[in-house]
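The next block holds one structure in the form of structure tokens; read it before the comments.
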Amino acid sequence: MNPFDFILRTRIVFGEDALAQIGRLASQLDFGRTLVVADRGIVATGQVARVANLLNSAGITPSFFHDFDANPDTRMIEAGRDHAAASGIDSIIALGGGSSLDCAKGINFILTNGGSMRDYQGHGKATRPMLPSIGVPMTAGTGSEAQSYAVISDAETHAKMACGDAKAAFRVAILDPALTVSQPRTVTAIAGYDAISHAVESYVTARHTILSSLFARDAWRLLHEHYERVLACPGDLAARGAMLLGAHEAGIAIEASMLGAAHACANPLTARYATTHGIAIAVMLPHVVRWNGEDASTRERYRELLGVAGLRDRGEPGAVLAAGLEELARAGDLPRTLREIGVSANDLPALAQDAATQWTGTFNPRRFDEPAALALYERAL
């Protein structure tokens, strides 16, 4: 049994219309002038205006930052820092998908501690206090609202940097299933599959613990049971709530046990081809599961996940689980091969070289290096 040091740093407020409580929750944290970080797509939903009204009613003055995209990079974070500094804020609210949540955490890092995001790659490098913050996910995907990490792209190299510190964790996460209903089906499919990958990978990492396993296992149960339901019936708030809670639990599991080779292989696809992260994951995850399942100890962990999902254990657990993950990808109309996303055989050696340098690969249950990455990309081609 692996040792652990575990703490839940984020208060969870869950339920339909939980967003209505944001003024009260912000007041409890002594917010006065707060920065609301939300991308322009979220602005178009009207939820930013609603949050502004709720904050104003609570006597809190909001300012807004929207100038970032699906993969926030170091330049965008610096622009947000400059805007926040000019606004004299004392707090931050993130509203949206993982990009909004990560962007808000990134701004918090360099606004309070100075320097650039490159200075905080890794964990625990912030030496000064950070501003209190609230995370409001509008997709059931990254689980970033449960984590102390911000994943930020380097504007020069396009490489993704994981920058973490306990002080960066949101004080409160508001999980309101009604906020996820308006997202397009494609977003539901991609974000949901990403959340599924978090549950599957965090359950088997070399760093998994009894507590990370508890959250990963329940996340997998909720996500597997409700993924196809939210795609078929997007207005089902019970299913939406299960997906949102599952994504959050998977985020807790990541914080405790990290991820593995699927994410190590996915990140270079995003860096080199601007492939949406969840799509890259959908292509790579089944192949990683089959490959990891060749290891005896991981095989038994996968067998446990099959039991949780009520999947019949016929043959090798890794192969059966991978086939189930491929079925989920088909339900979401997600690509299944590298060729479908524009990758050729000639690209694979360079991708493998990049994948071997990814931090998440170091936590994979089976040794992950450049030859392993190349073999996985060849399987996925």
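Any read-out appearing in this document is the output of simple, stated calculations on the displayed coordinates, not a laboratory observation. Bear in mind that the values here come from a model prediction, so they are computed numbers and not experimental data. Cβ coordinates were reconstructed from backbone atoms using ideal geometry, including for glycine residues, and neighbour counts include every protein chain displayed.
May I have the convex hull volume per residue, in Å³, for the Cα set of the stretch 124-187?
Roughly 112 Å³ of hull volume per residue.
Using only the alpha carbon atoms of the stretch 106-263, find the Kirkwood hydrodynamic radius as the inverse mean reciprocal pair distance, in angstroms to one decimal. Please report the intermediate quantities before stating the final value.
On the way: mean 1/r = 0.0621 Å⁻¹.
16.1 Å is the Kirkwood radius here.
Kirkwood-based Rg over Rh for the stretch 80-138 (C-alpha set), two decimals?
So for the stretch 80-138, dividing Rg by the Kirkwood Rh gives 0.95.
Add -39500 (n - 2.57) for each DSSP H run of 4 or more in the chain, then divide by its residues: what number comes out at 222 nm, to the nearest 500 deg cm²/dmol?
-16500 deg cm²/dmol
Over the chain, with a Gaussian network built from C-alpha contacts below 10 Å, which listed residue (315, 361, 88) shows the highest mean-square fluctuation?
Looking only at 315, 361, 88, the largest GNM fluctuation is found for 315.
Kindly express, to the nearest 10 degrees and within the range 0 to 90, the angle between helix 237-257's C-alpha long axis and the longest C-alpha principal axis of the chain.
80 degrees
Explain nothing, just the number: relative contact order of the chain, from Cα pairs under 8 Å at least 6 residues apart, as a whole percent.
It comes to 15 percent, rounded to a whole number.
The stretch 81-147: which trypsin sites (Lys or Arg not before Pro) are DSSP loop and have at most 16 other beta-carbon atoms within 10 angstrom?
Those satisfying the criteria are 125.
Take the alpha carbon gyration tensor of the stretch 185-380, find the square roots of its eigenvalues, order them as a ≥ b ≥ c, and report rounded if a/c is under 1.5; if not, report prolate when a/b exceeds b/c, else oblate.
oblate
Given Cβ point charges of +1 (Lys, Arg) and -1 (Asp, Glu) and nothing else, what value in debye, to the nearest 20, does the dipole of the chain about its Cα centre take?
Magnitude of the dipole: close to 380 debye.
With charges only on Cβ, +1 for K and R and -1 for D and E, what is the dipole size of the stretch 139-206 about its Cα centre, in debye, rounded to 20?
140 debye
From the mean inverse distance of alpha carbon pairs (Kirkwood) and the Cα radius of gyration, derive Rg over Rh for the stretch 11-180.
Across the stretch 11-180, the Cα-based Rg/Rh ratio is 0.93.
Among 211-217, 229-235, 286-292, how do they line up from the highest to the lowest mean number of other beta-carbon atoms within 10 Å?
Packing proxy ranking, top to bottom: 286-292, 211-217, 229-235.
Over the chain, with a single point scatterer placed on each C-alpha, what log10 of the ratio I(q)/I(0) does the Debye formula yield at q = 0.06, 0.07, 0.08, 0.14 1/Å?
These q points yield log10 I(q)/I(0) values of -0.20, -0.28, -0.37, -1.17.
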